[in-house]
Amino acid sequence: MALALNGIAAGYVPGVDILRGLSLTAAPGEIVTIIGPNGSGKSTSLKVAAGYLLPHTGTVAIDGEAVQARPIDQRVRKNGIAIVPQSNNVFGALTVAENLDLGGGFLPSAERRRRIEELIEAYPLLGRKRREKAYTLSGGERQILALARALMPSPRYLLLDEPSAGLSPLMLHEVFLAVREIVRKLGIAVLLVEQNAAEALAISDRAYVLVLGQVALEGPAASVLADDQVRQLYLGGAAV
Ligand SMILES: Nc1ncnc2c1ncn2[C@@H]1O[C@H](COP(=O)(O)OP(=O)(O)OP(=O)(O)O)[C@@H](O)[C@H]1O
Ligand SMILES: [Mg+2]
C-alpha cells in the first residue's frame, strides 16, 4: 500500500525535462515532505502524482497498480488521490459550503451532504462561515477550507502544495496541526511540499530534498533536518 513514483522524467515542453529520474514513495499513516529550491520540480512532482502531467518515462503506482495513463478524475475515484494545489485552491465567489460541495463532485448527493456535515464538525470555523463567500476568509481559513474540500471524497493519498504559503507563524502552526490530525485520525498518506522546511519536517516522518528534478537527499525527517547542507540552504544555518 503506497503511492510510488518510479524513475519519473517529465516536463512541460519537449526536450526539457524538469523531473529527471525522480523516485519517491508515500505510505498510509505517514507525512512525507518534499523540500527544495524554487523551480526544483516540487509542484511538478505532485502534478505527476495527481495526473495533471503525464511523465514520458517512469511509472506512477498507487497500491501497486500502474496509473500513469489514468486521468485525474479516475485517480480520485478509483485510487483515492486528492491534491490541494499551490494557488487558487478555493473559489472565492462561492460560499464555504458550495466549495465543499464541489470537492465531492462525483459523490451521490446524500453522501455529499453527509461529508459536508462531517467536515464542518471537524473544522468548526467552516461551520460558522458556511454561508459566507470564500473570498471573505483569512488566508489560514482558506487553507483549512482547501484541505477540507480535498478531504470530501475521503482520499487515502493527500497531496499538499505549500499549504502554509503566506500564513502568519500562528496560522501556519494551525494548518500543520490540522494536517497532523488528519493523518493521525484517518491514517492516510500526506505528501507535503513546503518552503517552511523546519516546521514541515517537525511534523513529518520522512523527507526528500529535490534539486534540479532529482532526489539529492532522503531519509527520516529528523536526519534531513539535521543535515548540514539542508541547514545552510533552507534554515539559514541555524541550529534547530
Ligand atoms: N505550466 C508550466 N509550463 C512550463 N514550465 C513550467 C510550468 N510549470 C512549471 N514550469 C517550470 O518547471 C520548473 C519547475 O517548476 P515547479 O513549479 O515544479 O517548481 P517548484 O519546485 O514547485 O518551485 P516553487 O518552490 O517556486 O513553487 C520551473 O523551471 C518552471 O518554470
Ligand atoms: Mg511549487
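Miscellaneous remarks
- Protein heavy-atom accessible surface, 1.4 Å probe, per residue over segment 3-234: 45 Å².
- Positive-pole candidate from ILE8, SER109, PRO153, dipole of the chain, charges at beta carbon: SER109
- Segment ASN88-LYS185, length gained on full extension (0.36 nm per residue, minus Cα span): 32.2 nm
- Accessible area of segment 44-136 belonging to carbon and sulfur atoms, whole % at 1.4 Å probe: 53
- Accessible area per residue was computed with a 1.4 Å probe on protein heavy atoms; GLU121 scores about 150 Å².
- FRET efficiency, ARG114 to LEU217 (Cβ-Cβ, R0 41 Å, nearest 0.05): 0.45
- Note on segment 170-240: with neighbouring protein chains present and a 1.4 Å probe, carbon and sulfur make up 54 percent of its accessible heavy-atom surface.
- The Rg/Rh ratio of segment 126-232, with both radii computed over alpha carbons and Rh defined as the Kirkwood radius, is 1.00.
- Principal axis extents of the C-alpha atoms in segment 32-163 (largest first, rounded to whole Å): 46, 36, 24.
- Cα-based equivalent ellipsoid, segment 53-127: semi-axes from gyration tensor eigenvalues, Å: 29, 15, 11
- Dipole of the chain, positive end: most advanced residue of GLY139, GLY92, PRO55 [Cβ charges, Cα centre]: GLY92
- The chain pair-distance distribution - Cα-Cα, 5 Å bins, rounded %: 1, 7, 14, 18, 20, 17, 12, 8, 3, 1, 0
- In the chain, the calculated helix contribution to ellipticity at 222 nm averages -11000 deg cm²/dmol per residue, counting -39,500 (n - 2.57) for every DSSP H run with n ≥ 4.
- Between segment 165-202 and segment 22-58, the alpha-carbon centres lie 17 Å apart.
- Assigned charges on the beta-carbon of Lys, Arg, Asp, Glu; segment 3-234 dipole about Cα centre (debye): 640
- Relative contact order (%) - segment 142-240, alpha-carbon pairs under 8 angstrom, separation at least six: 20
- Ranked by the mean number of other Cβ atoms within 10 Å per residue, highest first, peptides 69-76, 10-17 order as 69-76, 10-17.
- Computed from point charges on the beta carbon alone (+1 for Lys and Arg, -1 for Asp and Glu), the dipole magnitude for segment 147-240 about its Cα centre is near 340 Debye.
The values are calculated or read from the model by the stated rules, or taken from the named source; none is laboratory data. It should be emphasised that the depicted structure is a prediction, and the values quoted were computed from it without experimental measurement. Every residue, glycine among them, receives a Cβ derived from its backbone with ideal geometry; neighbour counts consider all protein chains shown. Protein only, heavy atoms only, side chains kept; ligands, DNA and RNA dropped before computing areas. Shrake-Rupley method; radii C 1.70, N 1.55, O 1.52, S 1.80 Å.
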